[in-house]
Amino acid sequence: MARPLKAKIKPAAAGSTKTDGERLLRFYRQMTKIRLFEEQVNQLYTSAKMPGLAHLYIGQEAVAVGVCEALKRDDYITSTHRGHGHCLAKGASVDRMFAELLGKEPGYCRGKGGSMHIADQETGNLGANAIVGGSAGIATGAAMSAKMRGSGQIAVCFFGEGTLGQGVLYEVMNMASLWKLPILYVLENNQYNEYTHYRETTAGELQTRPEAFGIQTESIDGQDVGLVYTTTHRLAERARQGEGPAFLICDTYRFHGHHVGDINRSYYRSKKEEEDWKSKRDPVKLLAARLKERKVVDDKALAAIEQEIRLEIEAGVQFALNAPYPEATEVDQHVYV
């Protein structure tokens, strides 16, 4: 196999710093890794190699990367049923991720978690959750633990706009505000609660709900990874200083269906809407254009980066396909009731 071309980073343009360019390039690598990982997940599903369903994160990469790059390794996150992007952005490796998706023993949960229940304690990932809003209490509890221990850690709770219909979110936000817990609630508004536009299920304005608890709330373009990063970094440092929780609304969009089997979507959203988001608000393309505009990289360098990541993804898939399944004797191990 030919060696992949190594991306050469050009000197930063006048008026920008090398650090900014390197950071943006790292964001691009991470977002591209998530994009290509999810494309491969779709192929594994359609080729009947992966058991169960998966919910692709394609189109939302800037949120996971922008948030997680602003965190420390030991900061906590909780994820959702659409959580592969969060896991990878927080530091998970593609080979063990694929192994988990295929139910193999080397997976992060020894093949028992699958797509919707991956956790990685080493990187602070307390786990994905298939229940809408199901991790809100876990994340808030982790924040409470961090405050009681004086560890300086914060917790981030990722969830979709459908969670605004779940009572547990309001219970924990009330406690987090009263006790000034170091937590950031990140709402990924990808516009649809499964197959229904959020405007048909959520009354009023999204930001007024957390504001009612006295929680600092900001609403931003979730397709701009740089904006997500700087906003998260500021809110995270605010939480570390004991100033309490914050609520971040990221406007984003899932390019594919609710899950990998959701192919014909015309009955709930138009093809034109999808194409507009893909052509005008693709976070990976927007960042690539920004990198080229700042003369950090050129098209050749971007192609080399993609080639490197594709090889990593391919190696991860082969690792997972060749990995053994867990022994039947493990069925009652690592299970808590």
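The values are calculated or read from the model by the stated rules, or taken from the named source; none is laboratory data. Please read these numbers as outputs of a predicted model, since none were measured by experiment. Cβ placement follows ideal geometry from the backbone for every residue including glycine, while neighbour counts extend to all protein chains displayed. These area figures cover heavy atoms from the full protein model, side chains too; ligands, DNA and RNA do not enter into them. Shrake-Rupley method; radii C 1.70, N 1.55, O 1.52, S 1.80 Å.
Quick notes on this one:
- Where a residue in the stretch 215-229 is within 19 Å of Pro245 (Cβ to Cβ) and without any contact (Cβ under 8 Å) to a residue 60 or more places away in the chain and its partner, wherever it lies, is among the aliphatic types (A, V, I, L, M) and open to solvent by 20 Å² or more (accessible area, probe 1.4 Å), with Cβ under 7 Å and at least six apart: Ile220/Leu227
- The set of residues from the stretch 264-291 being closer than 27 Å to Cys157 by Cβ and in a helix (DSSP H, G or I) comprises Trp277, Pro283, Val284, Leu286, Leu287.
- Residue check for Glu171: among the acidic types (Asp, Glu) and touching a residue at least 40 places away in the same chain (Cβ under 8 Å): no
- All conditions in (1) open to solvent by 30 Å² or more (accessible area, probe 1.4 Å); (2) over 24 Å from Gly141 (Cβ atoms); (3) assigned to a loop (DSSP other than H, G, I, E, B); (4) at pLDDT 95 or above hold for Gly261, with the sole exception of (4).
- Matching residues, the stretch 224-239, being more than 14 Å from Val186 (Cβ to Cβ) and surrounded by fewer than 15 Cβ atoms within 10 Å (Cβ to Cβ): Thr230, Glu237
- For the stretch 127-139, a residue qualifies if it is in contact with an Asp or Glu (Cβ under 9 Å, 6 or more places away or on another chain) and either part of a loop (DSSP other than H, G, I, E, B) or open to solvent by less than 10 Å² (accessible area, probe 1.4 Å) (or both), and the qualifying residues are Gly127, Ala136.
- Only one entry in Thr80, Thr17 is more than 24 Å from Leu321 (Cβ to Cβ), at pLDDT 95 or above, open to solvent by 10 Å² or more (accessible area, probe 1.4 Å) and among the hydroxyl-bearing types (Ser, Thr, Tyr), namely Thr80.
- Just one residue in the set Cys87, Cys109 is touching a His at 6+ places or on another chain (Cβ under 8 Å) and not aliphatic (A, V, I, L, M); that residue is Cys109.
- Test: Tyr253 is closer than 21 Å to Tyr57 by Cβ, of a type in the set (Ser, Thr, Tyr) and over 20 Å from the mean Cα position of the chain (by Cα): no
- The one condition from (1) surrounded by 14 or more Cβ atoms within 10 Å (Cβ to Cβ); (2) farther than 22 Å from Phe159 by Cβ; (3) touching a residue at least 24 places away in the same chain (Cβ under 8 Å); (4) out of contact with any Pro (no Cβ under 9 Å at 6 or more places or on another chain) that Ala315 does not meet is (1).
- Boolean, Asp74 is farther than 20 Å from Phe255 by Cα, part of a helix (DSSP H, G or I), among the acidic types (Asp, Glu) and in contact (Cβ under 8 Å) with a residue 12 or more places away in the chain: no
- Any hit, the stretch 103-117, residues being assigned to a loop (DSSP other than H, G, I, E, B), among the aliphatic types (A, V, I, L, M) and at pLDDT below 95: yes
- One residue stands out in the stretch 288-312 among those that are aliphatic (A, V, I, L, M) and closer than 25 Å to Tyr45 by Cβ: the one that is surrounded by the fewest Cβ atoms within 10 Å (Cβ to Cβ), namely Leu311.
- Among strands (runs of 3 or more DSSP E) entirely within the stretch 179-253, having at least 2 residues that are at pLDDT 95 or above and farther than 27 Å from Gly152 by Cα singles out no element at all.
- The stretch 36-74, subset open to solvent by 30 Å² or more (accessible area, probe 1.4 Å) and touching a helix residue (DSSP H, G or I) at 6+ places or on another chain (Cβ under 8 Å), residue nearest to Ala236 (Cα to Cα): Glu69
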